[in-house]
1. Among residues belonging to the range 39-56 that are part of a loop (DSSP other than H, G, I, E, B) and charged (D, E, K, R), point out the one that is modelled with the lowest pLDDT.
2. Among the residues of the range 79-92, what is the count of those that are in contact with a helix residue (DSSP H, G or I) (Cβ under 9 Å, 6 or more places away or on another chain) and either surrounded by fewer than 11 Cβ atoms within 10 Å (Cβ to Cβ) or within 15 Å of residue 43 (Cα to Cα) (or both)?
3. Can you confirm whether residue 17 is over 13 Å from the mean Cα position of the chain (by Cα) and either at pLDDT 95 or above or polar (S, T, N, Q) (or both)?
4. Scan the range 42-92 residue by residue and report those that are of a type in the set (Gly, Ala, Ser) and in contact with an Asp or Glu (Cβ under 7 Å, 6 or more places away or on another chain).
5. Any chance you could count how many residues in the range 55-75 are of a type outside the set (Ser, Thr, Tyr) and loosely packed, with under 14 Cβ neighbours inside 10 Å?
6. If a residue must be touching a helix residue (DSSP H, G or I) at 6+ places or on another chain (Cβ under 8 Å) and more than 10 Å from the ligand (Cβ to nearest atom), how many such residues does the range 39-63 contain?
Amino acid sequence: MALLFSTTAFKSNGNPVKSVGNLAESARNSALFAAQQVQTDTLKTDAKDPVCGMKVKKGATLTHTHDKTTYGFCSKSCKKSFVSNPDKYLKK
Ligand SMILES: [Zn+2]
């Protein structure tokens, strides 16, 4: 039993670089996902979708906070466009 255990332990350490690499990658993806989730807030006031210009009503949950401002979106695709390149839509 002791021998089996130590063999298993050795095997799990057999490829540390690959394991750590995958872990770091998945941790980064979860962190990215978590960050987007955390920034989702309910819209406090009526606003305008910065991507397409449609009005977004207070209470909308398709939002994204950028530079301490919460923007509302009419659809997930508008939000996605904004999140991937906010400066493009904030230029005046
Ligand atoms: Zn839109």
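1. 41
2. Residues flagged as in contact with a helix residue (DSSP H, G or I) (Cβ under 9 Å, 6 or more places away or on another chain) and either surrounded by fewer than 11 Cβ atoms within 10 Å (Cβ to Cβ) or within 15 Å of residue 43 (Cα to Cα) (or both) within the range 79-92 amount to 0.
3. Answer is no for this residue.
4. 72
5. Matching residues across the range 55-75 total 6.
6. 1
The values are calculated or read from the model by the stated rules, or taken from the named source; none is laboratory data. Keep in mind that this is a model prediction, so the values were computed, not measured. Here Cβ is always computed from backbone atoms with ideal geometry, including for glycine, and neighbour counts include all displayed protein chains.
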